[in-house]
Amino acid sequence: MLEEHEVQVLVEKILGFSRATQTEVLFFGTDRSLTRFANNYIHQHVAETNRSVSVRAVLGNRIGVASTNKLDDASLRDVVNRALTIASVQPENPEFKSLPGPQPITPVQGYNEHTAAFGPEERAQGVKVVVDRAREKGYESAGAFETLVQQTAVANSLGVFAHQRSTEAEFHAVVMADADGSGYVQRVSMDASSFDFDAMATEAVEKAQKSRNPSELPVGEYRVVLDSYAVGEMLQYLAFMGLSALAVQEERSFMNGHFGEQIVSQDVSIYDDAFDPNGLPMAFDFEGVPKQRLAMIDRGVARAVPYDSFTANREGKENTGHALPAPNTFGPYPVNLLMAAGDASREDLFQGIERGVYVTRFHYCNMVHPVKTLFTGMTRDGTFLIEHGELVRPVKNFRFTQSILETLGAVEAISRHRVQVRDYTTVVAPAIRSGKFTFTGLTDH
């Protein structure tokens, strides 16, 4: 990693090369290490180090972006010139007003020395716990353990400079029992030493053991208990579907016309908070704007969506610090997404269900209708029948097409325990009990 003053010298040099009306520079430094395993053996250790810059050049209201991971002076001049050339041939965008100016940034603790120092031997030791537990049962395990040290800096010609180092660790595993039983576990944290591999091994192996020899259950509408993995996936798709000012402005969000209205159960609160230590803290967005805690759905009521500079200037509103790197098609996005915990224990979630379905996680999901919040996919790695408040037997995986708001609107209980999970983005999610989820088909996979 470069020192902060070295990054500042670098980005100021790039800004000095530019003849644009306004210029923005993003610097990314990443040290990524990964251990993969399958068939109860580690088969790959890889490590990658990269340093890159992205330059956004503004000529009036025309914008061009170019990037490089070559940091010599000639390459830096070239990337600036490419951004300028791209901007010069773009159509004018009269809605673009300006890049943001400097604002005070509150530092956060998003960096962990243990994670930064984690080596292949330590990752192998963690993997070994899961592999050994699977092997003892005659099962097979597969997965990966990744650690990441990242350095992010944003600077622009209006005086913005923001810098942060951060760390991230992610472990996931699938344990296969015989031909038809499987269990899953995942953890994400900025502190790799916080992972309890014994508990993770127990979770995956026991789920695999219990899910063997599943039977068919008729398709239809059921009360469900969705584990944190399933809830996290569902919330991620909800964010894609419309938790963005751009989606609202383009009238393709489920929030359109419903601000101030109750759209889900009053027990449900969904928010973005880059300062919450349960997530991956970050002090600023990819425009160098300070992050804000944003309550998007508060006690069931639609309250707000995130803004970046462009979408905020369109409406004369405040930038909430949720910009993604330019260019992107999503607009602002809640990358520090959390759902508020409830007060239920795991056992409480099953109470009162005479006949229902427990879902560990979803798989192969896709959006169907963003305004109706319809998404489709399959269940995976542990789907069970619930009878009289207890798990009674494994069932074959379902296919589904379901409205997320409908499921969140029928929430009956929320767990006090939350897990940070990741697919495309990270989400801190509890488990829930909901009175409405429709399964439309079966799958043997």
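Quick notes
- Hz values of 3J(HN,Hα) by residue in region 30-41 - Karplus curve (6.51, -1.76, 1.60), Gly and Pro given as x: 10, 10, 10, 10, 9, 10, 10, 9, 7, 6, 6, 9
- Cα Rg, Dmax, region 302-445, angstrom units: 17.9, 56
- For region 253-383, the fraction of alpha-carbon pairs in successive 5 Å shells from zero, as %: 2, 9, 13, 17, 19, 19, 11, 5, 3, 2, 0
- Computed packing ranks the peptides 53-60, 113-120 as 53-60, 113-120, most packed first, by mean other Cβ atoms within 10 Å.
- Remark: accessible surface ordering of Ser211, Ser67 (largest first) is Ser67, Ser211, probe radius 1.4 Å.
- Nearest-10 value in Å² for the accessible area of Glu206, using the 1.4 Å probe: 90 Å²
- Alpha-carbon centroids, region 207-247 and region 400-445: separation in whole Å: 4 Å
- Taking amide H as placed 1.01 Å from N in the peptide plane, Asn93 has its amide H under 5 Å from the amide H of Asn61, Arg62, each at least 5 places away in sequence or on another chain.
- Dipole magnitude of the chain about its Cα centre (Cβ charges: Lys, Arg +1; Asp, Glu -1), debye to nearest 20: 680 debye
- Under-5 Å amide H pairs with Val419, H placed in peptide plane, nonlocal only: Ala429
- Charge dipole of region 1-149 about the Cα centre (unit charges at C-beta), most positive-ward option of Gly110, Met1, Ala142: Ala142
- To the nearest 10, the accessible area of His388 is 130 Å² with a 1.4 Å probe.
- Note on region 257-331: Rg/Rh from C-alpha atoms, Kirkwood Rh, equals 1.00.
- Averaged over its residues, the chain has an accessible area of 42 Å² per residue, based on protein heavy atoms and a 1.4 Å probe.
- Percent carbon-and-sulfur accessible area, the chain, ignoring ligands, DNA and RNA, probe 1.4 Å: 47 percent
- Three-way shape label, region 187-277, alpha-carbon gyration tensor, a/c 1.5: oblate
- Using C-alpha pairs under 8 Å with a sequence gap of at least 6, the mean separation divided by the residue count of region 140-215 gives a relative contact order of 28 percent.
- Spatial separation of Cα centroids for region 357-397 and region 105-165, in angstrom: 29 Å
- Sorted largest first, extent of region 1-60 alpha carbons per principal axis (Å): 57, 26, 11
- Estimated vicinal HN-Hα couplings, Hz - region 369-383 in sequence order (Karplus 6.51, -1.76, 1.60; Gly, Pro = x): 8, x, 5, 8, 6, 7, 9, 9, x, 9, 7, 6, 6, x, 10
- When the P(r) is computed for the chain, the part past 42 Å accounts for 20% of the Cα-Cα pairs.
- The lysines within cross-link reach of Lys291, meaning a Cα-to-Cα straight distance under 28 Å and a gap of 8 or more places when in the same chain, are Lys13, Lys97, Lys317.
- Thr440 accessible area, 1.4 Å probe, all protein chains in place, Å² to nearest 10: 80 Å²
The values are calculated or read from the model by the stated rules, or taken from the named source; none is laboratory data. Just so you know, these numbers come straight off a predicted model, no measurement behind them. A quick note on method: Cβ atoms are made from the backbone with ideal geometry, for glycine too, and the neighbour counts reach across all protein chains shown. The protein model used for the area step is the full one, side chains on, heavy atoms only, and it has no ligands, DNA or RNA in it. Shrake-Rupley method; radii C 1.70, N 1.55, O 1.52, S 1.80 Å.
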